1. Would you point out the residue of region 77-125, among those that are touching a strand residue (DSSP E or B) at 6+ places or on another chain (Cβ under 9 Å) and among the basic types (Lys, Arg), that is modelled with the lowest pLDDT?
2. Scan Ser30, Ser83 and give me the residue that is closer than 23 Å to Arg119 by Cα and either of a type outside the set (Gly, Ala, Ser) or free of Cβ contacts under 8 Å to residues at least 24 places away in the same chain (or both).
3. Note down all Cβ pairs under 7 Å where the first residue falls in region 46-64 and is of a type in the set (Asp, Glu), the second is part of a loop (DSSP other than H, G, I, E, B) and surrounded by 14 or more Cβ atoms within 10 Å (Cβ to Cβ), and they're at least six residues apart or on different chains.
4. Give just the number: which of (1) surrounded by 15 or more Cβ atoms within 10 Å (Cβ to Cβ); (2) touching a strand residue (DSSP E or B) at 6+ places or on another chain (Cβ under 6 Å) does Asp33 not satisfy?
5. Here is a list: Ser45, Ser55, Ser68, Ser50. Which entry is in a loop (DSSP other than H, G, I, E, B) and within 18 Å of Leu18 (Cα to Cα)?
6. For region 1-42, how many residues are under 19 Å from Leu110 (Cβ atoms), β-branched (Val, Ile, Thr) and assigned to a helix (DSSP H, G or I)?
Amino acid sequence: MIFTIAVLGAPHDTQANLHALKFARAVIDSGHDINRIFFYHEGVSIALESIQSPSDEFNYVKAWAQFSQNTQIELAVCIASGSRRGIIGDDDGSRATLAKGFELVGLGQLVEAISNSDRYVEFAL
């Protein structure tokens, strides 16, 4: 089975990121595939490079980046939602605020991922 996962909740205001990450790990551990993980609305704030987690708190950015690196699953960030929240990419990296491991994409990438998946799961809160 192929999944597309969308994360809409902010990492430190909701449990959306934690639940989505645990779900994504369970999907992979169960032998299924994930087409794409898409961060949308407030969920895009996970990809803001300047966000620093205190050392005694769970680091969502690091956990997602590690998950992506281990599985080769794209962490797609909605470019429109991101730009509204100060997340920008830059080809030469001089002004970029996008955290490493994340990719800015258009909303069409979510539509394409959903159409090529068996299940779409959304984490809002």
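1. Residue satisfying both the conditions and the ranking: Arg85.
2. From the options Ser30, Ser83, the qualifying one is Ser30.
3. If the second residue must be part of a loop (DSSP other than H, G, I, E, B) and surrounded by 14 or more Cβ atoms within 10 Å (Cβ to Cβ), the pairs left are Glu49/Thr97; Glu49/Ala99.
4. Only one criterion in (1) surrounded by 15 or more Cβ atoms within 10 Å (Cβ to Cβ); (2) touching a strand residue (DSSP E or B) at 6+ places or on another chain (Cβ under 6 Å) is unmet by Asp33, namely (1).
5. Unique residue meeting the criteria: Ser55.
6. Residues flagged as under 19 Å from Leu110 (Cβ atoms), β-branched (Val, Ile, Thr) and assigned to a helix (DSSP H, G or I) within region 1-42 amount to 1.
The values are calculated or read from the model by the stated rules, or taken from the named source; none is laboratory data. The model shown is predicted, which means the values in this text are computed figures rather than measured ones. Cβ: placed from backbone, ideal geometry, glycine included. Neighbour counts: every protein chain shown.
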